[in-house]
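Here the structure comes first, spelled out in C-alpha cells, and everything after it is commentary.
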Amino acid sequence: EKGGYPHFMLKEIFEQPDCINDCMRGRINADGDKVVLSAVIDHKERLLKARRFVIVACGTSWHAGLIGKQLIESFCRIPVEVEYASEFRYRDPVIHEDDVVIAISQSGETADTLAAIELAKEKGAFIYGICNAVGSSIPRITDTGSYIHVGPEIGVASTKAFTGQVTVLTMLALTLAKEKGSMTDEKYLEVIRELTVIPAKIKKILISNPKIAELSRIFTYAHNFLYLGRGYSFPVALEGALKLKEISYIHAEGYPAAEMKHGPIALIDAEMPVVVIATHNAMYEKIMSNIQEIKARKGKVIALVTEGDTVVSKLADDCIELPETLECLEPLIATIPLQLLAYHVAICKGKNVDQPRNLAKSVTVE
Ligand code: F6R
C-alpha cells in the first residue's frame, strides 16, 4: 500500500512528479503552448468582471493561497486577498456580488473553509473551489472549480496536495491572463514551457534525499528553527516551518527574510538553525546580506541555492542545490527539500510522521 516506502508521507513526497503531471494532463496541450482550465473558460465573463478575488483556506492550503495571490496579481493584474477561513467567517467581512471567492482545500471537508464559502455565497459572491477529494462537501457547494487530481493523500502532513494546489493556481492564473490579455505571449509561453518541465526538475531534487537525510541528523538537537524567504519563497518558508512543527514537534517559524531585523534576529545564536531560501532571483543580493547577519551571530545556515552557486555555499553551513527555474514557479521546486528535511528530522527523533499527535487529516470541527 505504501508502494515500498516506509511511510505514506515519503511515498507522497516522491509521487509529486507524477502528481503534477496528472494535474496538468488534459489541461496543457501536447505542444506545450496552451493551458485551458475548463472552469475558467466556462465562467470567464464572471471571473473577469470581478473587482477582486478573495482566497479562503486553512493551514497548508492557505500557504498555497499566498502563492496563488502572487501568481494571479502578477499574471492577471487582479487584486487578491488571502484570508484564513476561520478569521474571515467571524469578521463580518465586506463581500460584494462581483467578488470571486476561491476556496482551497485538500479534503474538501474543512469546517471553517466550508462555513466561509457559505457566508460568501449568501452575500452573492461567485465561488470557485480548488480541492482534491472528489465529491467532497466543498466542491458540492461551489459554483465551479478545478480538482487537483493528485490522488488520495494519506499522510496527515500535506505534501503532494500543496504542490497540486500551486500547479492548479498557476494554470488558473495563466488561463485567465490569456483571456484578459494581461500577459505578453512570450511570458505566457515561457511559463507554460517551464511548468511542463517542473516534474523532471522535482525528480532531480528527490535524488538528494539521502543527503538531506544525513543533514537532518545534525539538527535533531534543535528546539527552534527559523525559515526565511522573500517574494514567492516567503510562503514556502511558512510551509517548511509548518511541516517541521507538525511532525517533529520542533518549534519553527517562517518569516519574510527582510523582517528578520524587526525582531526575530534577537533569537539568533549558535543553537539556532536558519533555513534560508537563497536561490538566484531578484532578491538574491538582499538574502545574501541576511545570511551574513545570521553568520555574524553564529547562527547555523542551511541554504537552498541554485545549482552551481558558489557564493552562498561559502557562507552557509550547509547547502541544498535546486535546479534553476522561473521565479514564479520556484515554490514547486523549493518546497520539496523542505518536506524531506521535516520528514527526516522527525524520523531521527523517532516520531510518527504519518499520524502526528493531536492532528487529524481533515478538520471537520471548529
Ligand atoms: C498541514 C495540514 C493542515 C491542512 C489544513 C487544511 O500539513 O495538513 O494544515 O492543510 O487543515 O486542510 P484542507 O486542505 O483539507 O482544507
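Observations, loosely collected:
- Looking only at residues in the range 58-97 that are among the hydroxyl-bearing types (Ser, Thr, Tyr), closer than 19 Å to residue 119 by Cβ and at pLDDT 95 or above, the one that is surrounded by the fewest Cβ atoms within 10 Å (Cβ to Cβ) is 84.
- Failed item in (1) within 12 Å of the ligand (Cβ to nearest atom); (2) without any contact (Cβ under 8 Å) to a residue 60 or more places away in the chain; (3) in a strand (DSSP E or B), with residue 104 passing the rest: (2)
- On inspection, residue 329 does not qualify as within 24 Å of residue 6 (Cα to Cα) and at pLDDT 95 or above.
- Across the range 237-283, the number of residues qualifying as part of a helix (DSSP H, G or I), free of Cβ contacts under 8 Å to residues at least 40 places away in the same chain and closer than 25 Å to residue 358 by Cβ comes to 2.
- Residues in the range 169-217 that are closer than 30 Å to residue 294 by Cβ and free of Cβ contacts under 8 Å to residues at least 40 places away in the same chain were compared, and the one that is surrounded by the most Cβ atoms within 10 Å (Cβ to Cβ) is 214.
- Top-ranked residue in the range 48-65 [being touching a residue at least 60 places away in the same chain (Cβ under 8 Å) and more than 13 Å from the ligand (Cβ to nearest atom); ranked as nearest to the chain's Cα centre (by Cα)]: 54
Here's the yes/no breakdown for (1) among the basic types (Lys, Arg); (2) surrounded by 16 or more Cβ atoms within 10 Å (Cβ to Cβ); (3) closer than 22 Å to residue 108 by Cβ:
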site: 4; (1), (2), (3): no, no, no
site: 9; (1), (2), (3): no, yes, yes
site: 22; (1), (2), (3): no, yes, yes
site: 35; (1), (2), (3): no, yes, no
site: 38; (1), (2), (3): no, no, yes
site: 56; (1), (2), (3): no, yes, yes
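- Residue in the range 60-81 that is in contact with a His (Cβ under 7 Å, 6 or more places away or on another chain) and part of a loop (DSSP other than H, G, I, E, B) present: no
- Enumeration of residues in the range 134-148 that are over 16 Å from the mean Cα position of the chain (by Cα) and either in a helix (DSSP H, G or I) or in contact (Cβ under 8 Å) with a residue 40 or more places away in the chain (or both): 137, 138, 139, 140, 141, 143, 144, 145, 146
- Extreme residue, farthest from residue 148 (Cα to Cα), among residues of the range 107-129 that are part of a strand (DSSP E or B) and without any contact (Cβ under 8 Å) to a residue 60 or more places away in the chain: 127
The values are calculated or read from the model by the stated rules, or taken from the named source; none is laboratory data. Computed from a predicted model, the values in this text were never measured in an experiment. Here the Cβ is made from the backbone with ideal geometry for all residues, glycine too, and neighbour counts use every protein chain on show.
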